[in-house]
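Participant: Pasting a structure below so you can have a look.
The values are calculated or read from the model by the stated rules, or taken from the named source; none is laboratory data. What you see is a predicted model; the values in this text were computed from it and never measured. Cβ placement follows ideal geometry from the backbone for every residue including glycine, while neighbour counts extend to all protein chains displayed.
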Amino acid sequence: MTAAVVAAPADPRPRVPTRRTTELLLLVLAVLIAAFGYADVGWAIDGRVPAGTGEYAAGLGGMALLAHLAVRLRARYADPLLLPLAVLLNGLGLVVIYRLDRATGTSSAPSQLLWSGLGVLLFIAVVVLLRDYRVLQRYAYVFAFGSIVLMIIPVFLPAVYGAKIWIKAGPLSFQPGEVAKIALAVFFASYLASNRDALALTGRRIWRIELPRGRDLGPVLVIWLVSSGVLFLEQDLGTCLIFFGLFVMMLYVATGRSGWIAVGLLLVGLAIVPVALFEPHVHSRFTDWLDPMRSITAGQGAGQLAQSLFAFAAGGLLGTGLGQGHSYLIGFAVKSDWILATFGEELGLVGLAALLLLYAVLVVRGYRAGIMLRDPFGRLLSIGLASLLALQVFVVAAGVTDLIPLTGMTMPFLAQGGSSLVTNWILVALLVRTSDAARRPELPPAPPPALPAAPASDAGPASDGADGADDEPTQGVPKV
């Protein structure tokens, strides 16, 4: 007698490719591009490949491999472009910092590599330990309180580089506003997910703009007051723009009402104009923005903004080549605020456009994950984090090209700065988590239970008329 073979039940979930092999191949490409740039800098300056090229490639590749393994094991359906883009941007930043080290006689690249390692470790910790991003919604007000505390602490400390945004302890320094940005994004997503109906469905229409109710403006005014306080007390224009801009963008996504944008622009103008007129540090930046060549006409030499514009102009279409520019003449903060000028001069307009496209793809993939998510908190969190990255890139790029006043922010992943680099790695880790939830296949809904069979009738089949053949029986319901 032959034993019956019982077939294993088929998985009812649709098959969705994880794309982890694609991610691994893109990581290899990203590490090779960064290693080639490192070697090209040494070849341009010394006429030979630097001796530490192999160690640099191995360090960056090892960090990328560890991050990939964490994603493969804990977030196997995550977007395959997020991690390679972060590794490539981080690697290019290390290359340009090494190039500027050779010009200025400093050694910032090794410490930046250590900060990169710490950022990757925190990335792995978030991916591994945060199984469900919705847990963050429970602690929304904890994040709000923590972000306010982080922003207030520097107010009582001495100003560094003209702004009170740093906490310094000996040779170490920390910028708490970087961490506060992510904490506020979590709080905004939670608040808007809970109150989006009241914000979207009520209000009054003035001309073609739908304005919100006065009572709904309360939280917005609180955020405006906090952002304005940061601007007045810390002389930090960039943080004010990013905090309030983030909230207004998330409000628009949650409600779809253009009136919030009008209210946001009005409140930002009310906060910035008085500070720009009366606070010396911010006023000087507005003056440089309106006339970047004023120091040259006054016989004082070219200022930083003028040198930045000269660097972009010298780069032309294709650039001077890595290691062959003169952007180090910008001087102070050339590796942080002004690092984009080095890219513009040595890689040209083509290289700069490619760099900005990398950021654009990273932002778009974050938006894509948010659109695919069904729960309002996850959607707003993913779009808010991507918008946070987009705002920071815009503020920095527009500042060094004289489109808006300089803010002193650092370019994500590129610029020298441990707190900014570590925070951006945490941001990418949260996007990995939301994209994993967005792409993960779901079990199909269970079929409804079968209705009980109709009891048999002794009188035979029921009929509504003389001809019973024209009648059609209903599903499980006896005829009356």
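Participant: Please tell me if residue 233 is part of a helix (DSSP H, G or I), in the same structural domain as residue 393 (by TED's automatic domain parsing), among the hydrophobic types (A, V, I, L, M, F, W, C) and in contact (Cβ under 8 Å) with a residue 12 or more places away in the chain. Give the steps one after another, and end with the answer.
Facilitator: Working: part of a helix (DSSP H, G or I): yes; in the same structural domain as residue 393 (by TED's automatic domain parsing): no; among the hydrophobic types (A, V, I, L, M, F, W, C): yes; in contact (Cβ under 8 Å) with a residue 12 or more places away in the chain: yes.
No: the conditions fail for residue 233.
Participant: If I ask for residues that are surrounded by 24 or more Cβ atoms within 10 Å (Cβ to Cβ) and farther than 19 Å from residue 319 by Cβ, which ones from region 90-108 would you list?
Facilitator: Across region 90-108, the qualifying residue is only 90.
Participant: Looking at the structure I just gave you, is residue 369 touching a residue at least 12 places away in the same chain (Cβ under 8 Å), in the same structural domain as residue 96 (by TED's automatic domain parsing), aliphatic (A, V, I, L, M) and under 30 Å from residue 442 (Cα atoms)?
Facilitator: Values: touching a residue at least 12 places away in the same chain (Cβ under 8 Å): yes; in the same structural domain as residue 96 (by TED's automatic domain parsing): yes; aliphatic (A, V, I, L, M): yes; under 30 Å from residue 442 (Cα atoms): yes.
So residue 369 passes the test.
Participant: Could you grab the pairs with beta carbons closer than 7 Å, sequence gap of 6+ or different chains, first residue in region 128-143 and under 11 Å from residue 190 (Cβ atoms) and of a type in the set (D, E, K, R), second one at pLDDT below 95 and assigned to a helix (DSSP H, G or I)?
Facilitator: 134/377; 134/378
Participant: Give region 83-110 a look and list any residue that's of a type in the set (Gly, Ala, Ser) and in contact (Cβ under 8 Å) with a residue 40 or more places away in the chain, or say none. Let's see the steps before the verdict.
Facilitator: Applying the first criterion (of a type in the set (Gly, Ala, Ser)) to region 83-110 yields 86, 91, 93, 103, 105, 107-109.
Within region 83-110, 86, 91, 93, 103, 108 meet the criteria.
Participant: Only one of 341, 353, 313 is free of Cβ contacts under 8 Å to residues at least 24 places away in the same chain, under 29 Å from the mean Cα position of the chain (by Cα) and assigned by TED's automatic domain parsing to the domain that holds residue 88; which? So that I can check it myself, show each step before the final result.
Facilitator: Details: 341 fails: free of Cβ contacts under 8 Å to residues at least 24 places away in the same chain; 313 fails: under 29 Å from the mean Cα position of the chain (by Cα).
Unique residue meeting the criteria: 353.
Participant: A follow-up question, please. Based on what the data block shows, is residue 333 outside any helix (DSSP H, G or I) and without any contact (Cβ under 8 Å) to a residue 60 or more places away in the chain? Step through it out loud before you land on a result.
Facilitator: Working: outside any helix (DSSP H, G or I): yes; without any contact (Cβ under 8 Å) to a residue 60 or more places away in the chain: no.
When the stated conditions are applied, residue 333 does not pass them.
Participant: Oh, and also: With the requirement that a residue be in contact with a Lys or Arg (Cβ under 8 Å, 6 or more places away or on another chain) and in a loop (DSSP other than H, G, I, E, B), what does region 377-406 give you?
Facilitator: 405, 406
Participant: Restricting the search to region 64-81, which residues are part of a helix (DSSP H, G or I) and buried (at least 24 other Cβ atoms within 10 Å of the Cβ)? I'd like the intermediate steps shown before the answer.
Facilitator: Taking region 64-81 as the starting set, the residues that turn out to be part of a helix (DSSP H, G or I) are 64-74.
64, 67, 71 - these are the residues of region 64-81 that are part of a helix (DSSP H, G or I) and buried (at least 24 other Cβ atoms within 10 Å of the Cβ).
Participant: Right, something else. Is at least one residue of region 418-434 surrounded by 10 or more Cβ atoms within 10 Å (Cβ to Cβ), modelled with pLDDT under 85, out of contact with any Asp or Glu (no Cβ under 7 Å at 6 or more places or on another chain) and in a loop (DSSP other than H, G, I, E, B)?
Facilitator: Residues of region 418-434 surrounded by 10 or more Cβ atoms within 10 Å (Cβ to Cβ): 418-434.
Those still in the list that are modelled with pLDDT under 85 too: 418.
After this cut, where a residue has to be out of contact with any Asp or Glu (no Cβ under 7 Å at 6 or more places or on another chain) as well, the list is 418.
Narrowing further to those that are in a loop (DSSP other than H, G, I, E, B): none.
No, there is no match, as no residue in region 418-434 is surrounded by 10 or more Cβ atoms within 10 Å (Cβ to Cβ), modelled with pLDDT under 85, out of contact with any Asp or Glu (no Cβ under 7 Å at 6 or more places or on another chain) and in a loop (DSSP other than H, G, I, E, B).
Participant: Can you tell which of 329, 349 is of a type in the set (A, V, I, L, M) and at pLDDT below 90? Explain how you work it out, then say what you get.
Facilitator: Numbers: 349 fails: at pLDDT below 90.
None of the other options fit; the residue is 329.
Okay, residues lined up against (1) modelled with pLDDT of 85 or more; (2) of a type outside the set (Lys, Arg):
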| residue | (1), (2) |
| --- | --- |
| 125 | yes, yes |
| 134 | yes, no |
| 138 | yes, no |
| 143 | yes, yes |
| 148 | no, yes |
| 164 | no, no |
| 169 | no, yes |
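Participant: Output yes when any residue across region 293-307 is closer than 30 Å to residue 36 by Cβ and β-branched (Val, Ile, Thr), and no when none is.
Facilitator: No: zero hits.
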